Every structure is written in C-alpha cells, then in structure tokens.
1. If you take the residues in region 133-142 that are under 30 Å from the mean Cα position of the chain (by Cα) and at pLDDT below 80, which one is least open to solvent (accessible area, probe 1.4 Å)?
2. Cβ contacts < 8 Å: first residue open to solvent by 50 Å² or more (accessible area, probe 1.4 Å), restricted to region 221-239; second residue assigned to a helix (DSSP H, G or I), any location; separation 6+ or different chain. Result?
3. Write out, first by first residue and then by second, each pair whose Cβ atoms fall under 6 Å of each other, whose residues are 6+ apart or on separate chains, and whose first residue, in region 105-132, is on the phi > 0 side of the Ramachandran plot and surrounded by 11 or more Cβ atoms within 10 Å (Cβ to Cβ) while the second is assigned to a loop (DSSP other than H, G, I, E, B) and of a type outside the set (Ser, Thr, Tyr).
4. If you take the residues of region 252-279 that are out of contact with any helix residue (DSSP H, G or I) (no Cβ under 9 Å at 6 or more places or on another chain) and surrounded by 15 or more Cβ atoms within 10 Å (Cβ to Cβ), which of them is nearest to Glu299 (Cα to Cα)?
5. Across region 280-292, which residue is farthest from Met216 (Cα to Cα) among those that are within 23 Å of the chain's Cα centre (by Cα) and open to solvent by less than 30 Å² (accessible area, probe 1.4 Å)?
6. Considering region 89-104 alone, what residues qualify as being within 18 Å of Arg45 (Cβ to Cβ), open to solvent by less than 50 Å² (accessible area, probe 1.4 Å) and part of a loop (DSSP other than H, G, I, E, B)?
7. Here are some conditions: (1) assigned to a helix (DSSP H, G or I); (2) modelled with pLDDT under 90; (3) over 30 Å from the mean Cα position of the chain (by Cα). Lys341 meets all but one. Which one does it not meet?
Amino acid sequence: MHPFRVAGMKPGESCFICKEHDHIAKDCPRKSEWEKNKICLLCRRRGHSLKNCPNKDDEKVDKKLCYNCGETSHSLANCPYPLQDGGTKFASCFICKEQGHLSKNCPKSTHGIYPKGGCCKICGGVTHLAKDCPNKTGKASDGAFGRVKAFQFEDRPRGQVTKLSSGDDLEDDFMAEEVHEDGDAKLKKKKEPKVVNFRSLPISFQDTMANAVSGMAVQDECKLKFLELKAKRNYRFIIFKIDGQEVVVEKLGSPEESYEDFSNSLPADECRYAVFDLDFITNENCQKSKIFFIAWSPETSRVRMKMVYASSKDRFKRELDGIQVELQATDPSEMSFDIVKARAY
C-alpha cells in the first residue's frame with residue numbers, strides 16, 4: 001500500500017467524526033462520544049444504535065421478513081405474491097408496537113413522515129411526499145409553463161429566420177425562411193434534409209450506432225477494471241490495446257508499481273491506450289490523486305495503427321467516466337514523470 005494512503009480512505013477524505021486525515025471513522029478515538037447521540041431504530045431512544053440495543057431480539061432483528069406474506073426467505077421488494085393491505089400486513093410499528101401498519105400510517109402519529117411538522121403541498125396528507133401524491137397531475141404545471149411561454153414570445157418582433165442545416169448531399173448549407181406577421185410561412189424551393197434524432201433512440205441502439213461509426217467496440221472488462229481502479233484503487237495503471245475490432249485489457253499494474261514500471265510496459269513500436277492513477281502532494285501539503293488518460297502513439301508504429309487508435313480514442317475515452325487529465329505522447333520524453341506531475345497541479 002502507498003505510504004500516504006489510509007486503508008478504506010480515498011485521497012482528500014477524512015474521518016467524518018473528528019475530521020482528521022490519519023484514520024477512518026471506524027477507528028476514531030472519539031467514536032464512543034459520537035454514538036451517544038445516536039437514536040436506536042428499534043426502541044427509538046438516544047444513546048445507542050440498533051446493534052447495541054438492550055431490547056434487541058437477535059432472532060427477530062437479524063431475520064429478513066417480508067411485510068406482505070410474512071416469510072423470511074425474501075424481502076418485501078422481492079415478494080412473489082400480490083400486495084395485501086398495502087404490503088404491511090406483517091410489519092410492526094415502532095410507535096404503537098402493533099402489527100399491520102408502518103409508523104407513517106400509525107393513528108397515534110400526527111406527523112406521519114414529517115417528524116418536524118409539515119404535510120404534502122398538494123393534498124395536505126402526512127403519509128407521502130408531494131412527488132408521490134396520488135392527486136398530482138401535470139396539468140397545473142403545464143398550464144403555468146404555457147402562460148409563461150406565451151408571455152415571453154407573444155409580442156416578440158418577427159422577421160427573417162435563417163435555419164442552419166448540414167449534410168453531404170445538400171447543395172447549400174443555409175436556407176432562409178420568411179415569416180410574415182399574418183403567421184403564414186413561405187419557404188424557398190429547397191428541400192429540408194431528413195434529420196434523425198439519436199437522443200430519442202434507446203441507449204443500447206445509440207451505443208451500437210456509435211460503435212459502428214467508430215468501427216471499434218469496447219470489451220466490458222475494460223469498464224469494470226477502470227471502475228475498480230477509480231473506486232477501489234486496486235490497480236496503479238491499466239494498459240489497453242485494440243485486438244481485432246474491440247478494445248481489450250492488456251496489462252494491469254498493481255498499486256505497488258511505480259510510474260517507471262508503467263512507462264516500461266508500453267511497447268516501443270505499437271500504439272496503446274492507458275490510464276494511470278497518480279498520487280501527489282500539492283504546495284499546500286494536501287494529498288490528492290488524479291487519473292490520467294494517456295494515448296501512446298510512437299512515431300515508429302505503423303501508419304494504419306496510428307489512424308485506427310486516433311479515430312477510436314474519443315469513443316473509448318467516453319466509456320471511462322472519471323478521466324481527469326488527458327495526455328498524448330509520441331515519444332517517452334513527452335510523457336516523463338515531471339511532465340505528468342506538472343499537468344496534475
């Protein structure tokens with residue numbers, strides 16, 4: 001493990017109890033004082049958590065109980081039976097200790113899900129939020145928006161409107177439209193190009209089209225390994241290569257490896273993509289880290305390989321959500337450790 005890292009903590013984070021940077025909350029020396037202000041979810045008393053509640057029955061608390069059918073093999077969200085009595089037939093209310101309803105529907109509770117007071121802004125109920133109100137309709141909001149829209153555009157002066165269109169088969173990329181005060185529009189004798197809005201298509205179809213345009217697919221392992229590097233920090237670097245018609249993982253660098261090990265792993269005469277997790281300390285003595293995306297395209301590599309990697313770079317980089325710095329290099333001197341550190345600040 002890196003000497004500046006703390007197990008279970010990312011760079012820049014701190015203990016949420018005492019705000020110190022040398023330990024996590026589980027190991028905080030002030031944890032006992034902080035737990036005194038906790039409210040138990042079972043007995044609703046302050047001073048301890050459910051884990052340490054004296055009234056806890058381990059057999060009942062630790063069991064996964066379905067509130068709808070009463071079975072312990074699944075939860076309410078996975079119940080295969082139709083809901084009965086709102087799905088709370090076997091639920092226990094912590095206010096009146098009775099069975100058959102939750103605390104938000106308890107007759108002894110006047111606040112429902114609003115412990116500090118308040119109610120639904122639409123119907124005045126206390127058992128749901130306004131966004132979940134059964135009386136909610138979109139007519140009121142649509143009407144209000146319509147009035148604002150009409151107010152904004154009703155008296156706006158109208159004249160010549162120029163529409164911009166694009167396409168390889170167009171004779172002219174500009175078309176003018178005359179708009180008269182009487183509302184009739186006369187178009188010049190130009191046919192508008194057919195426009196396909198990809199945003200209205202399913203996401204899976206958009207990905208398929210994007211792969212077809214770039215000519216390259218991305219293997220799922222590339223995304224999974226990058227997520228592990230970003231979230232769990234299991235790797236120091238990842239090197240990707242294009243194999244056939246898809247991007248695949250070529251090498252994974254362990255957290256103990258250095259930047260020199262990473263640069264030595266790149267081939268001298270072939271292109272590669274890579275990500276590197278850089279730890280550094282700022283001038284204010286703060287520990288930080290940044291994830292670099294490096295496009296390695298040496299001058300000695302084949303021309304076709306350079307073209308393929310260059311045309312697929314942006315498509316592949318969009319799949320890696322969390323890249324902070326991009327670096328392109330054709331020679332080892334263009335991606336030296338000093339240059340990388342300078343780009344990090």
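The values are calculated or read from the model by the stated rules, or taken from the named source; none is laboratory data. Remember, predicted model here, so these are calculated numbers, not experimental data. Positions of Cβ are generated from backbone atoms using ideal geometry, with glycine treated the same way; all protein chains shown enter the neighbour counts. Please note that ligands, DNA and RNA were not included when accessible areas were found on the heavy atoms of the full protein model with its side chains. Shrake-Rupley method; radii C 1.70, N 1.55, O 1.52, S 1.80 Å.
1. Gly138
2. Cβ pairs passing all conditions: Lys223/Glu319; Asn234/Glu228.
3. Within 6 Å, the pairs are Gly112/Val126.
4. Ser265
5. Once the filter is applied, the top-ranked residue is Ile291.
6. Just the residues of region 89-104 that are within 18 Å of Arg45 (Cβ to Cβ), to begin with: 92-97, 103.
Then drop every residue that is not open to solvent by less than 50 Å² (accessible area, probe 1.4 Å), which leaves 93, 96, 103.
Residues satisfying the conditions are Cys93, Cys96.
7. In the conditions (1) assigned to a helix (DSSP H, G or I); (2) modelled with pLDDT under 90; (3) over 30 Å from the mean Cα position of the chain (by Cα), Lys341 misses (3) alone.
Here is a yes/no grid of residues against (1) modelled with pLDDT of 75 or more; (2) under 30 Å from Gly125 (Cα atoms); (3) in a loop (DSSP other than H, G, I, E, B):
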| position | (1), (2), (3) |
| --- | --- |
| Phe16 | yes, no, yes |
| Asp22 | yes, no, yes |
| Lys26 | yes, no, no |
| Trp34 | yes, no, no |
| Leu42 | no, yes, yes |
| Asn55 | yes, no, yes |
| Gly70 | yes, yes, yes |
| Tyr81 | yes, yes, yes |
